[in-house]
Each structure stands twice: as C-alpha cells, then as structure tokens.
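Report on the following structure.
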Amino acid sequence: MLPATGDPLFDQSYYRATAMAAPQYETLSGDHHADLVVIGAGYTGLTAALRAAELGMKVIVLDEYFPGFGASGRNGGQLIPGWRWDARTIVKAFGKERGKAIFDLSLNARDRVMARVAHHHIACDLKPGHATMAWNPSHYRDLADEAECLARDMDYSDVDLLSPDAGRSLVNSALYHGGMVDKRGGHFHPLNYALGLAQAATDAGVKIFANTRVIGVTEQKDKVRAGVEGGNVFAQQAMLATDTKTGRVNQRLGGFAMPILNYNIATQPLGADRAKALIPSDMAIADTRFVLNYFRLSADNRLIFGGGEKYLPSMPASVDAFVRKHMLQVFPDLEDVKIDYRWGGAVGVSRNRLPHVGRTDGGKIWFAHGFSGHGALLTTLAGEIVAEAMAGDAGAFALMSSLPSKPFPGGTLLRWPLHVAGMLYYAMRDRL
Ligand SMILES: Cc1cc2nc3c(=O)[nH]c(=O)nc-3n(C[C@H](O)[C@H](O)[C@H](O)COP(=O)(O)OP(=O)(O)OC[C@H]3O[C@@H](n4cnc5c(N)ncnc54)[C@H](O)[C@@H]3O)c2cc1C
C-alpha cells in the first residue's frame, strides 16, 4: 500500500491498496544539471526518461507528487491497440498508405509496452484480450465494417467479430448486441506498470525527484531551465509530460487538451466462479456508447468498472452511486455486492481525440499529451520516440508529431463551456 496523499480520488483506489513496494524519492533543492529534464512521472515521462537513459543521456525526472500519481496510476488498465479514431476514419483522413503507417504505429506502441513488462519483469497482472461490445444493432454493424476495414486496409486480422449470441461468451450481459475482440489487446494493473517503469528508470541511472512541482520551463540560448521552489534543473532539452496539467507550465500548449473527469469502482472479491460468470473471456471490455462503460476483472476476482463522465470540475457526491448505476445496468445480478474501492482522475482529451506530440519552435522543449482515453499504450510509444528523436532517430516521432491538432476554441477559459455543450449533445444521443 502506498502512503495516503490527501486526494480521496487516489487514496481510496484499489490500485493504491495493491501497489508494489515503491521507494521514497527525494525532493529537489538547489541547482542540478542534466542532458534531459522530464517534467511528470506518468507513463509518458517515465518511458521518455528510461529510453533516454538507455541511449546514454543523463536524465532527471521531476514530479509534483510521485510516479504514478496522475492518470497513469488511476486508469482502467485497458490496453487497446489503435487510436481513438477507428480504422475507417484513419483511412478516410490519411489515405491507405499513410493510414496504415499510422495504425501500425499503435501496434508498435503495444509491442513496446509488452517488451517493457517482459524485459523489466514488471508484476502488473497483464492479461490478454480486449473486446468492444455493441450497444445496439446498428453499433454491431459498425463493428462489422470496422473489422472488414482492419483486415482489408490495415492487413490486421487479429480481430474476431462475435454475434449477439456468441458475444455472451465475452461478457455475460443481456445488454449487448455482439462484439469485436482484439486479440492483441489486454489489461493490466496500471499503477504497478508505472511503478515498475520508475524502478526500471532508476536502475538505468535516471534520478527521480518527487514532491517537486515545476513552476516554469524556459528556453535559454543554449539550454533549458526547469524552475521549482528552491531549485532549478538546467538541461540541454526538456520533456513536458504533464498531461492535463500542461497549461500550468505552458499556457499555449495547455490549450490543446482539456481534462474530463472519469471514475472507477472495484467490488468486493467475487470468487473465481462468480467473476468468470460475468466475464467468461477474462478480457478487458468496453462498449460503444459515447460515454462508455469499461470493465474487467482484477487478479483477485473483483469487478473493476468505469462509467459515466463529469464535465464540471466538482466531484460527484458519491463516486459509488455515480458509477454503480452503470454497473448494475450491465450486471443487474450484482445488486448485493459491496463496493470496496472507488477512485478517479482526469482524462486529457484533445480537440480531435488524437494525441498532441511535438517540440516547441525553440526546439528544446518536447511534449506529448491529449491521449484522449487511449493512453495506456500510446504514452509508452510517445515517451520512447521523443527520446529516440532527441538522440537523432526521428522516424516514428516525425509521423506521430505530424498528426493534426488544433487548440480548443475559447482558450483556457472558454474551452470548457463550449466543449461541455458538445459532449452533452453526444451523450444525450446515446440515450435516444
Ligand atoms: C479514470 C481514467 C481511466 C482511464 N482509462 C484508460 C484505459 O483504460 N485505457 C487507456 O488507454 N487509457 C486510459 N486512460 C488514459 C491514460 O491513463 C492516460 O492517457 C495516461 O495515463 C497519461 O499518462 P501521462 O504520463 O501522459 O500523464 P499522467 O499519468 O497524468 O502523469 C502526469 C504527471 O505529471 C505530474 N505533473 C503535472 N504537473 C506537474 C508540474 N508542474 N511539475 C511536476 N510534475 C507535474 C503529475 O503529478 C503526474 O504524475 C484513463 C485515464 C483516467 C483518468
């Protein structure tokens, strides 16, 4: 169990309760020098740091709290190949050749995560398989079109379409109208993946400082300075891996993504038989609603369920009640089951739902954020390829940073009401 932080949306989490042992990291004070300073110790920052250290750089990581405190330690643990855009949208927007290269980049992300888990022996309860379940018959036809496009245009045949009847072997709920399995998907304990990365980075020579909030990052003539209360890190390059909090360090970049709050619960242990009766496939499951339900079984046979989104910054009065109603809609038989844990966090969402990855005009500050609920795999890719680009291999970075991006209209003040209006419209369409 990690120490309490005072944030109820972290402290009451199943992941905190079952976290692997983690060291106490020092707080930075005084002036330090490095080749690379990374701000933020989630998957993005930790993989950038780890890869940079492997490539010979001296790296310092600074986090306001500690590794895994952000979305990386709170997410649904669903490993979903691909992007938030489906394959058909990618082909339409980029054409077949470039579209396939972009899709393949997401498979590269998946392979990199698997390689990290295996290479560093990260004990993160990794299990195979991800299924997307159709909310209605028209969504099922949509999944069928998607499977066809994946096979035809992406040369990707690791998906299976399951009819409404066969779909019960994936998820035993009467709510769904069939589904699509991605065999290269999976699920894991997200916080333990982050803590495992932090340990691997430390082993590779990275120096991590916790409880160290960066106040500003400034590009100077021949270096960059990350300033904290009572100290600085001077480096050749900086990586902003601050996800939903990027705007506090760089207001312009912050305008490219916004936080959407999302919550999870974990039931009491259900026992192997009852758990298997709910999700016979033991895969990660998400459905096709705009405000989606996503769920999976934990290693100790709890149901971990995420559902509902909140567009206003206040917490729901009861996270249990807020999420449980969605869980009971999928699994009405769980009425008698106790909720043991609840938690939540901010999903960094970009305007077009593609990650925003790049470097500033001055060239010394690199950034990656706005993974739009698809960050469990893509962040490891982003972090690693930024480090590789710094070391001179810009191939994958060039492709990822060429994805289109636009700031939200209205700047940091007005983006919220404008975006909320749009999201509420789509959420309402689900109910019609
Ligand atoms: C509830 C929830 C469920 C999700 N479910 C899934 C899922 O099932 N599958 C999936 O693919 N994706 C999911 N996501 C998205 C995924 O978790 C994120 O895309 C990913 O973790 C982002 O990683 P990151 O390293 O970029 O950011 P984070 O993990 O948020 O890390 C950012 C770090 O920066 C630090 N920081 C911020 N500002 C400063 C500063 N000024 N100085 C120092 N440090 C700073 C923070 O403390 C934090 O540790 C989910 C997200 C949430 C919140």
- Note on the structure: Cβ pairs under 8 Å, 6+ apart or interchain, first in the stretch 161-182 and closer than 13 Å to V330 by Cβ and in the same structural domain as N136 (by TED's automatic domain parsing), second of a type in the set (V, I, T) and assigned to a loop (DSSP other than H, G, I, E, B), ordered by first then second residue, are L170/I279; V171/I279; N172/I279; G179/V171
- Note on the structure: Of those in the stretch 87-118 that are of a type in the set (D, E) and more than 17 Å from the chain's Cα centre (by Cα), the residue nearest to M133 (Cα to Cα) is D104
- What residue, of R98, R88, R116, R84, is surrounded by 21 or more Cβ atoms within 10 Å (Cβ to Cβ) and either within 15 Å of the ligand (Cβ to nearest atom) or not assigned by TED's automatic domain parsing to the domain that holds K183 (or both)? R116
- Note on the structure: Taking first residues from the stretch 280-293 that are under 10 Å from G306 (Cβ atoms) and second residues anywhere that are charged (D, E, K, R) and at pLDDT below 90, the pairs with Cβ under 9 Å that are 6 or more apart or on different chains are L292/E309
- Message: When you scan the stretch 156-168, do you find a residue that is among the aromatic types (F, W, Y), away from the ligand (no atom under 15 Å from the Cβ) and within 24 Å of N108 (Cα to Cα), even just one?
- Response: yes
- Item | Every pair of residues 6+ apart whose Cβ atoms lie under 9 Å, when the first sits in the stretch 227-254 and is assigned by TED's automatic domain parsing to the domain that holds H369 while the second is of a type in the set (A, V, I, L, M) and surrounded by fewer than 18 Cβ atoms within 10 Å (Cβ to Cβ) | G227/I215; V228/I215; E229/I215; R248/I215; V249/I215
- Message: Take the residues in the stretch 248-297 that are small (G, A, S) and in contact with a Phe, Trp or Tyr (Cβ under 9 Å, 6 or more places away or on another chain); name whichever of them is surrounded by the fewest Cβ atoms within 10 Å (Cβ to Cβ).
- Response: G255
- Message: Among the residues of the stretch 288-297, what is the count of those that are away from the ligand (no atom under 13 Å from the Cβ) and either in a loop (DSSP other than H, G, I, E, B) or not hydrophobic (A, V, I, L, M, F, W, C) (or both)?
- Response: 3
- Query: Is there a residue being within 30 Å of G56 (Cα to Cα), modelled with pLDDT of 95 or more and crowded, with 20+ Cβ neighbours inside 10 Å anywhere in the stretch 329-346?
  - Reply: no
- Any idea how many residues of the stretch 371-398 are farther than 19 Å from V113 by Cα and in contact (Cβ under 8 Å) with a residue 12 or more places away in the chain? 2
- Could you check how many residues of the stretch 353-398 are more than 14 Å from the ligand (Cβ to nearest atom) and surrounded by fewer than 17 Cβ atoms within 10 Å (Cβ to Cβ)? 9
- Answer with yes or no whether G196 is in contact with a His (Cβ under 9 Å, 6 or more places away or on another chain), farther than 29 Å from S72 by Cβ and not in a strand (DSSP E or B). no
- Query: Is it the case that L62 is assigned by TED's automatic domain parsing to the domain that holds V214, within 11 Å of the ligand (Cβ to nearest atom) and buried (at least 21 other Cβ atoms within 10 Å of the Cβ)?
  - Reply: yes
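The values are calculated or read from the model by the stated rules, or taken from the named source; none is laboratory data. Everything numeric in this text was worked out from a predicted model, so none of it was measured. Don't worry about glycine lacking a Cβ; one is built from the backbone with ideal geometry, like all the others, and counts go over all protein chains shown.
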